[in-house]
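Working notes, beginning with the structure itself.
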Amino acid sequence: MGQERRTDERVALNLSARYDGLSGLHEARIEDLSMGGCFVNARGQVDSREIVTVEIKMTSGEWLSLRGEVTSVQPGIGFGMVFTFLTDDEVQTLRQIIGGNK
């Protein structure tokens, strides 16, 4: 097993999502989420280190758009990503989602 690189607490959840990368727009689901990143369950193609935008459908029905870098790829399953461009508002919204799903 590899060494754990995550430093932020993760919460398991199942939220509708979509992501936009070099291969286009794809439907997805978010399986776990932290202040630092998430795992995106999706069948679309991404490459390690690719910059993608993921949009998470919140329980309010609004979409939270986050940008980041793909850190790991599991073909046919999904990918892990780290958030690299968070605004203060995005940080606040992430805290609310994570806090509400513990």
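The values are calculated or read from the model by the stated rules, or taken from the named source; none is laboratory data. Values in this document were obtained by computation on a predicted structure and should not be read as measured data. Here the Cβ is made from the backbone with ideal geometry for all residues, glycine too, and neighbour counts use every protein chain on show. Just the protein is used for accessible areas: all its heavy atoms, side chains included, with ligands, DNA and RNA removed. Shrake-Rupley method; radii C 1.70, N 1.55, O 1.52, S 1.80 Å.
Before moving on, here are some points about what is shown:
- For the stretch 58-79, a residue qualifies if it is open to solvent by 60 Å² or more (accessible area, probe 1.4 Å) and either over 13 Å from the mean Cα position of the chain (by Cα) or within 14 Å of Leu94 (Cβ to Cβ) (or both), and the qualifying residues are Thr59, Ser60, Glu62, Trp63, Arg67, Gln74, Pro75, Ile77.
- Matching residues in the stretch 30-89 - criterion: being of a type in the set (A, V, I, L, M, F, W, C), under 13 Å from Ser16 (Cβ atoms) and part of a loop (DSSP other than H, G, I, E, B): Ala42, Met58
- Test for Phe85: is it buried (at least 19 other Cβ atoms within 10 Å of the Cβ) and either over 17 Å from Gly99 (Cα atoms) or among the acidic types (Asp, Glu) (or both): no
- Candidate set from the stretch 13-27 (those that are without any contact (Cβ under 8 Å) to a residue 40 or more places away in the chain and hydrophobic (A, V, I, L, M, F, W, C)); member that is least open to solvent (accessible area, probe 1.4 Å): Leu25
- Restricting Glu55, Glu50, Glu90 to residues that are under 10 Å from the mean Cα position of the chain (by Cα) and surrounded by 11 or more Cβ atoms within 10 Å (Cβ to Cβ) narrows the list to Glu55.
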